[in-house]
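Here the structure comes first, spelled out in structure tokens, and everything after it is commentary.
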Amino acid sequence: MKLLTMPLGLASRWSTRSQEQARRNAMAACTVLTARRIERVEVEEFVADFLARRSVRPEPAAASAQISHTG
């Protein structure tokens with residue numbers, strides 16, 4: 001009788017395959033999380049830059065309202 005067909009051999013193969021699958025799952029999850037983290041950082045940088053540029057420029061309606069009150 002071969003070792004691989006015996007209950008101990010079957011259990012040994014199962015545990016090895018199970019660990020390998022768990023490792024692959026963890027690597028895939030890590031890849032997805034890294035991509036999401038990069039995307040989140042890019043969005044945060046874009047929003048921060050957009051708000052910074054927006055706060056520097058006066059809005060056209062506000063600028064025209066100031067001009068009309070000074071005349």
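At-a-glance table
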item	result
Cβ pairs under 9 Å, 6+ apart, first in segment 33-50 and hydroxyl-bearing (Ser, Thr, Tyr), second assigned to a helix (DSSP H, G or I) and surrounded by 10 or more Cβ atoms within 10 Å (Cβ to Cβ)	none
So Leu33, is it modelled with pLDDT of 95 or more and either surrounded by 10 or more Cβ atoms within 10 Å (Cβ to Cβ) or out of contact with any strand residue (DSSP E or B) (no Cβ under 9 Å at 6 or more places or on another chain) (or both)	yes
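Yes/no matrix, rows are residues, columns are (1) at pLDDT 85 or above; (2) surrounded by 10 or more Cβ atoms within 10 Å (Cβ to Cβ); (3) among the small types (Gly, Ala, Ser):
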| site | (1), (2), (3) |
| --- | --- |
| Met6 | no, yes, no |
| Arg13 | yes, yes, no |
| Ala29 | yes, yes, yes |
| Glu42 | yes, yes, no |
| Phe50 | yes, yes, no |
| Arg57 | no, no, no |
| Pro60 | no, no, no |
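The values are calculated or read from the model by the stated rules, or taken from the named source; none is laboratory data. Keep in mind that what you see is a predicted model, and the values were worked out from it rather than measured. Cβ atoms come from the backbone with ideal geometry, glycine included; neighbour counts cover every protein chain shown.
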